1. Tell me the label-point distance for the pair E73, M20, using the 7 Å Cα-to-Cβ offset, in nm and rounded to one decimal.
2. Can you tally the net charge around E39? Count Lys and Arg as +1, Asp and Glu as -1, for every other residue whose Cβ sits under 9 Å from the Cβ of E39.
3. If amide hydrogens are placed 1.01 Å from N in the peptide plane, which non-local residues have theirs closer than 5 Å to the one on V52?
4. Counting only other residues whose beta carbon sits under 10 Å from that of A66, what net charge do I get with K and R as +1, D and E as -1?
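Computed from the coordinates by the stated procedures, all read-outs in this text should not be read as laboratory data. Bear in mind that the values here come from a model prediction, so they are computed numbers and not experimental data. Note that we place each Cβ from the backbone using ideal geometry, even for glycine, and neighbour counts take in every protein chain shown.
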Amino acid sequence: MAIRVMLVDDQMLLRTGFRMVLAAQPDMEVVAEAGDGVEAIENLRSTAVDVVLMDVRMPRLDGVEATRRICAEPDAPKVLILTTFDLDEYAFSGLKAGASGFMLKDVPPGELLAAIRSVDSGDAVVAPSTTRRLLDRFSPMLPSGTAEPRHKDIAKLTEREREVMLLVAQGLSNGEIAARLVLSEATVKTHVGRILTKLGLRDRVQVVVLAYETGLVRAGGGAG
């Protein structure tokens, strides 16, 4: 089945450009468009969507709050934040709100398409190591989230799962974690899946954000 995409941006010209790029792909279909977060949420009540391309700066309801509300719903679509500026603090707020990644609006079409496919398959578009670097820079600007309740959830992890979580949060890939802990890559993947399930997280980026918020990983350094 084609990946069902909703375009959310207050600039119609940009939506038109994105729609043309996506329409040329046999595995993608633009099923809805919205000019702000309010309209996006209303569309989701009547239209099945797999991936939302979400602008951050919009009237009525911005992309960060819209992402937060969308991702709080069961079986929510994946959200890919689009930003005009590199290192935009709003994009990182979007990651905290539940987005699976972010990209610049002027990204080459091929990279945008690859990002949509990655997000749809459950991967994060932003490398955890990159996310950590950006969170280090913008942590004072990020709104407070639900760190305290989720910190208690970390107690559900086994000692090995906690160990794997810390390495994920430090930006290591499954292969690097496997080498560090002398495990098979398949075993590491299983541990990561259990961590996501126990903590109610969507992807590895959210693991990084949670570890950062709760002090398990410190700004600019390793484990806390």
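1. Here the modelled spin labels are 3.1 nm apart.
2. -2
3. M6, K78, V79, L80
4. With Lys, Arg at +1 and Asp, Glu at -1, the net is -2.
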